[in-house]
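Below is one structure, written out as structure tokens, with a few remarks after it.
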Amino acid sequence: MKILVTGGTGYIGSHTVVELINKGHECVIVDNLYNSSDKVLGRIKQITGVEVKFYKVDIRDKDALEEVFKENNFDAVIHFAGLKAVGESVAKPLEYYENNISGSIVLYELMIKYHVNRLVFSSSATVYGDSFTSPLKEEYGRGKTTNPYGSTKAINEMIIEDIGKANKDFSAIILRYFNPVGAHESGLIGERPNGIPNNLVPYISDVVVGKLDHLNVFGDDYDTRDGTGVRDYIHVVDLAKAHVLAIEHAAKQVGVDTINVGSGNGYSVLEVIKAYEKASNKKIPYVISQRRPGDIATCFADTHKASELLGFNTKLGIEDMCKDAYNFIKKNPNGIE
Ligand code: NAD
Ligand code: UFG
């Protein structure tokens, strides 16, 4: 298939482009480079041998995006482009709604206009909010979101469901990611957020390479096996492979389906620290600090639907996630420059 990948130079997008190419698909990337570098394109070429067509376009720019649709006869779209920092979304809600909702609407309008009927959308376990108990099942629907970022994901899900009701040929898979971590085993692509990382594994990576002197563990008094927060970490390469299965599945059916993408296993913060210490052979200094507002004790996926509908099961474990995160940060301490 010829696939438009919005946000394709970003963290999850770049890994997905590699896996799509490995499976013989043709990718065209659209990204405004707000949170990524065009150097990623060279890295993708190093890994796959393929030069991917790239447009530096903001998806909110309808005229520019329409040119991309006119020039290419797409079979499908995988939509990653968006802003993703939970804390920032609380401070700048309108930027988040404008980018993540208005941008998506422009994209969906053009998909309908150009009869591109297959979509995979990046949603998040955050749409479950704090309303349900893990393992989280798709059939629970959406809970009360706790920040504007989460709301943009919930609203996108609703928009896609409504497009599906109005267009009998439309086919979409909404993927609800749990906690994507790690990097491609080559160490050529991966994630190093700008500034001080908010998420656990990128933060640990910065500690391991000496950019930060210790990790703050946000609370050790949760009702979990060691008191620290439990999350469902998934290797980004496994997650990327789920997208290939999802877009191939969308090509065979019509209607809208929502699918969790996690491993189904929860790991505590202290367990992740241990796994990273083992993978890097380095001590990770940490201090127990206050709970982070908005955090919940435990979040992990029920993965039956992904397994049954897509035939998707994770292959890489927490050791691989830490080993590959470490390999990437060692090779790219300042990210992909
Ligand atoms: P990322 O920031 O690395 O990638 C997103 C890409 O989209 C970036 O390259 C950015 O430059 C681009 N972009 C943003 N706004 C754009 C616009 N208006 N027009 C064109 N390009 C634009 O993030 P990621 O971690 O790869 O996440 C990809 C998607 O998955 C996002 O939608 C994110 O919300 C979602 N998601 C991520 C996680 C996670 O933990 N990483 C979890 C759940 C869901
Ligand atoms: N944590 C620490 N110290 C840190 C960072 C995180 O102890 O410096 C803890 C958190 O308290 C939590 C766990 O590590 O228990 C994981 O935290 P992350 O920030 O890595 O991930 P979250 O589960 O909080 O958030 C992630 C994504 C969000 C998404 C959410 C739900 O970053 O985008 O999952 O899917 F909304």
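Residues in region 109-132 that are touching a strand residue (DSSP E or B) at 6+ places or on another chain (Cβ under 8 Å) and among the hydroxyl-bearing types (Ser, Thr, Tyr): how many? Steps first, please.
We begin by selecting, within region 109-132, every residue touching a strand residue (DSSP E or B) at 6+ places or on another chain (Cβ under 8 Å); these are 111, 116-125, 127-128.
Of the ones still in play, those that are also among the hydroxyl-bearing types (Ser, Thr, Tyr) are 122-124, 128.
Count: 4.
For region 67-92, which residues satisfy the criterion of being in contact with a Gly (Cβ under 8 Å, 6 or more places away or on another chain), of a type in the set (A, V, I, L, M, F, W, C) and buried (at least 19 other Cβ atoms within 10 Å of the Cβ)?
Selection gives Ile78, Phe80, Ala81.
Somewhere in region 85-106, is a residue in a loop (DSSP other than H, G, I, E, B) and within 20 Å of the chain's Cα centre (by Cα)? First the steps, then the outcome.
Our first condition is that a residue be in a loop (DSSP other than H, G, I, E, B); within region 85-106, this holds for 85, 92.
Still in the running and within 20 Å of the chain's Cα centre (by Cα): 85.
For region 85-106, residues in a loop (DSSP other than H, G, I, E, B) and within 20 Å of the chain's Cα centre (by Cα): present.
Restricting to region 8-51, what's the tally of residues that are of a type outside the set (Lys, Arg), farther than 16 Å from Gly335 by Cβ and either free of Cβ contacts under 8 Å to residues at least 12 places away in the same chain or not in a helix (DSSP H, G or I) (or both)?
Qualifying residue count, region 8-51: 12.
For the structure I just gave you, tell me whether Glu95 is surrounded by fewer than 17 Cβ atoms within 10 Å (Cβ to Cβ) and touching a helix residue (DSSP H, G or I) at 6+ places or on another chain (Cβ under 9 Å). Explain how you work it out, then say what you get.
Details: surrounded by fewer than 17 Cβ atoms within 10 Å (Cβ to Cβ): yes; touching a helix residue (DSSP H, G or I) at 6+ places or on another chain (Cβ under 9 Å): yes.
Against the criterion (surrounded by fewer than 17 Cβ atoms within 10 Å (Cβ to Cβ) and touching a helix residue (DSSP H, G or I) at 6+ places or on another chain (Cβ under 9 Å)), Glu95 qualifies.
Could you identify the single residue in Phe54, Phe69 that is more than 16 Å from ligand 2 (Cβ to nearest atom), part of a strand (DSSP E or B), in contact with a strand residue (DSSP E or B) (Cβ under 9 Å, 6 or more places away or on another chain) and of a type in the set (Phe, Trp, Tyr)? Let's see the steps before the verdict.
Working: Phe69 fails: part of a strand (DSSP E or B).
From the options Phe54, Phe69, the qualifying one is Phe54.
Out of (1) more than 28 Å from Ile196 (Cβ to Cβ); (2) in contact with a Lys or Arg (Cβ under 8 Å, 6 or more places away or on another chain), the odd one out for Asp63 is which?
Of (1) more than 28 Å from Ile196 (Cβ to Cβ); (2) in contact with a Lys or Arg (Cβ under 8 Å, 6 or more places away or on another chain), only one is false for Asp63: (2).
Condition first: surrounded by 16 or more Cβ atoms within 10 Å (Cβ to Cβ), hydrophobic (A, V, I, L, M, F, W, C) and either over 16 Å from Met321 (Cβ atoms) or without any contact (Cβ under 8 Å) to a residue 24 or more places away in the chain (or both). Now tell me which residues in region 164-206 satisfy that.
Those that are surrounded by 16 or more Cβ atoms within 10 Å (Cβ to Cβ), hydrophobic (A, V, I, L, M, F, W, C) and either over 16 Å from Met321 (Cβ atoms) or without any contact (Cβ under 8 Å) to a residue 24 or more places away in the chain (or both): Phe170, Ala172, Ile173, Ile174, Leu175, Leu188.
Kindly indicate the residue of region 111-130 that is more than 19 Å from Glu161 (Cβ to Cβ) and at pLDDT 95 or above and also farthest from ligand 1 (Cβ to nearest atom) among those meeting that condition.
The extreme case among them is His115.
Taking the residues in region 165-185 that are in a strand (DSSP E or B) and within 16 Å of ligand 2 (Cβ to nearest atom) as candidates, determine which candidate is nearest to Tyr203 (Cα to Cα). Outline the logic, then answer.
The first filter runs over region 165-185 and keeps only residues in a strand (DSSP E or B), leaving 171-177, 179-181.
With the extra rule that they be within 16 Å of ligand 2 (Cβ to nearest atom), the set shrinks to 174-177, 179-181.
Details: Ile174: 28, Leu175: 25, Arg176: 23, Tyr177: 20, Asn179: 14, Pro180: 14, Val181: 11 Å.
Here the residue is Val181.
Taking strands (runs of 3 or more DSSP E) that do not extend beyond region 199-306, which have at least 1 residues that are touching a Gly at 6+ places or on another chain (Cβ under 6 Å) and more than 13 Å from ligand 2 (Cβ to nearest atom)? Give the steps one after another, and end with the answer.
Details: elements: 215-218, 233-235, 255-261, 286-289.
Ranges flagged: 233-235, 255-261.
So Thr133 fits all but one of (1) surrounded by 15 or more Cβ atoms within 10 Å (Cβ to Cβ); (2) within 15 Å of Cys299 (Cβ to Cβ); (3) away from ligand 1 (no atom under 16 Å from the Cβ); what number is the exception?
(1)
Please determine whether any residue of region 1-12 is under 16 Å from the mean Cα position of the chain (by Cα) and more than 12 Å from ligand 1 (Cβ to nearest atom). Outline the logic, then answer.
Quick first cut of region 1-12, residues under 16 Å from the mean Cα position of the chain (by Cα) only: 5-12.
In the following step, the residues that additionally are more than 12 Å from ligand 1 (Cβ to nearest atom) were identified as none.
No: zero hits.
If you check Gly335 against the conditions, is it loosely packed, with under 14 Cβ neighbours inside 10 Å and part of a loop (DSSP other than H, G, I, E, B)? If you could, list the steps in order and put the result at the bottom.
Details: loosely packed, with under 14 Cβ neighbours inside 10 Å: no; part of a loop (DSSP other than H, G, I, E, B): yes.
Judged against the criteria, Gly335 is not a match.
The values are calculated or read from the model by the stated rules, or taken from the named source; none is laboratory data. Just so you know, these numbers come straight off a predicted model, no measurement behind them. Cβ coordinates were reconstructed from backbone atoms using ideal geometry, including for glycine residues, and neighbour counts include every protein chain displayed.
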